[in-house]
Structure formats: C-alpha cells, structure tokens
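Structure first, then comments.
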Amino acid sequence: MNVFDFDNTIYDGESGIDLFTFYLKRYPDLLKFAPKVATALVRYKLRKITIDKALQLYAPYVEEFLRRLDDPEKDMREFWDLHQHKIKPFYEDLRREDDLVISASPEGELAEICGRLGIKQYLGSVIDEETRQITRFNFRQNKVKYFREKYPDAEIDTLFTDSFNDRWLMDIAKHVVLVDGDKYKRIK
C-alpha cells in the first residue's frame, strides 16, 4: 500500500487555509476567530505549547463555526469544484488501487476529493456530525495510531509526504518519498 499525506503532498498548498478563505467569503465574521487561531498556531510552531494545547485553545472556535453550517457536504462539493485543479499532476502517474490518504484534514473534506480521484481509502480528522466536535485529530503520531487501528495488518510500501511531522509514519514505512512542490525524492 502506498500512503500519501495530503496537504503540500498531492494537494498544492494547505487545504485548510483554502477552506477558511472559501468560508470567509460566505461568513465574513469568521475574521473574529483569526487572531485566536493564529496565536495558538504560532505558539505551537514556536514550541511554546503542545499540539494538544493548541487544539484545546482553538477547537471550540472551529466547532462553534461548524455548528452554523447547514449543508457541509454541499459546501465540500462547491469547494472542490473550485480547488480540484490544485491536485498535483504527478499523483495520477503514481496512483495505485490500494492508495491511502492520511491527513490532519477532516474526513468530510477528504471524502469528496478522494471520491473524485478514485481513492477508496482515507484517514483524516473526525468531526461528529451531530455535535460538530472534533473527536479525532489525525496529526503526527496519531496518524500511526489510527492507521494501526484501521489497518492492523497493513504495511506501508511507500510513504509520500512533504514533512518530517510524519516521522512516525516514516518509521513504519518501507520507503519514504519526500515531496517538494512538483518534485519528489526517495529518502528511505
């Protein structure tokens, strides 16, 4: 099985930022959340707080916004109509039937684009449909945890990623390919 990170790997950019911009056009009051979310992310990047603390700080704002959405599936179709062109062309050349996308992006976001690309398997963060609370954050070592829960006997032939944030997945993959823009290089 080949495993692909999503953002900056097969997607050109950070889909979460693009999604925020997409929603900002519809809900301009989202700007009120930006300083708090940005502060938590900067503090995390500077290693002043853990990812768990960053989530604790900004997840309530995300969840509050998500509860306002009437039809998230429709939103995802419209979002991907506008952003599917950002899937990097090299992915089609590497594509296999057993590919798995594993990402911190929400599964609701991944479901639409993976369906369009013919990717049958994906693991992302999970948002409860009723409460709109984040129930699983699929990031860093959590990716291995959830991978093992879902695919206990699977082996990763090749991991494609843009970041050493996936070092835990790198450790269990036979081969690792580092992606930089449209170029990629095997490093393991």
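Of the residues making up region 80-112, those that are surrounded by 20 or more Cβ atoms within 10 Å (Cβ to Cβ), of a type outside the set (Gly, Ala, Ser) and either touching a residue at least 60 places away in the same chain (Cβ under 8 Å) or at positive phi (or both) are 99, 100, 101, 102, 109, 110. Which residues, taken from region 140-185, are exposed (fewer than 13 other Cβ atoms within 10 Å of the Cβ), assigned to a strand (DSSP E or B) and either in contact (Cβ under 8 Å) with a residue 24 or more places away in the chain or not basic (Lys, Arg) (or both)? Across region 140-185, the qualifying residue is only 180. One residue stands out among those in region 34-50 that are under 20 Å from the mean Cα position of the chain (by Cα) and crowded, with 17+ Cβ neighbours inside 10 Å: the one that is nearest to residue 110 (Cα to Cα), which is 37. Please go through (1) in contact with a Leu (Cβ under 6 Å, 6 or more places away or on another chain); (2) closer than 30 Å to residue 156 by Cβ; (3) not assigned by TED's automatic domain parsing to the domain that holds residue 140 for residue 52 and return the number of the only condition it doesn't satisfy. Every condition holds for residue 52 apart from (1).
The values are calculated or read from the model by the stated rules, or taken from the named source; none is laboratory data. None of the values given here were measured: they were computed from a predicted structure. Note that we place each Cβ from the backbone using ideal geometry, even for glycine, and neighbour counts take in every protein chain shown.
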